[in-house]
Amino acid sequence: PAEVLRRDPEIIIASWCGKPADLGSIARRPGWNRIRAVRDGRIHEIPARYILQPGYPLVAGYRELKRIIQTP
């Protein structure tokens, strides 16, 4: 968590295996209200089936990553 604060990312992408990511919990971590991604509402989830498993679904994961990164 301290390294994330130090690096101040513009986007945070989460993916949990087997359950939805709790984006609110991520945003409420101590001090994370100072991170650009949190302040700008740029915390996103990509479903595990698109990014954590090999095969064709990775194409959907790539497209989702591209959409998130290119959206201002």
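Observations on the model:
- The chain: proportion of alpha-carbon pairs further apart than 21 angstrom, %: 30
- Close amide H pairs (under 5 Å, H built 1.01 Å from N) link Ala21 with Trp16, residues at least 5 positions away or on another chain.
- Helix 57-70 axis, angle to the chain major axis (alpha carbon atoms, nearest 10°): 40
- Accessible carbon and sulfur surface of the chain relative to its total accessible area, %, 1.4 Å: 56
- Under the criterion of Cα pairs below 8 Å and six or more residues apart, the relative contact order for the chain equals 33 percent.
- Residues whose amide H falls under 5 Å from that of His44, counting only those 5 or more places apart or on a different chain, are Ile12, Ile13, Ala14, with hydrogens built in the peptide plane.
The values are calculated or read from the model by the stated rules, or taken from the named source; none is laboratory data. Just so you know, these numbers come straight off a predicted model, no measurement behind them. Only protein heavy atoms, including side chains, enter the accessible area calculation; ligands, DNA and RNA are left aside. Shrake-Rupley method; radii C 1.70, N 1.55, O 1.52, S 1.80 Å.
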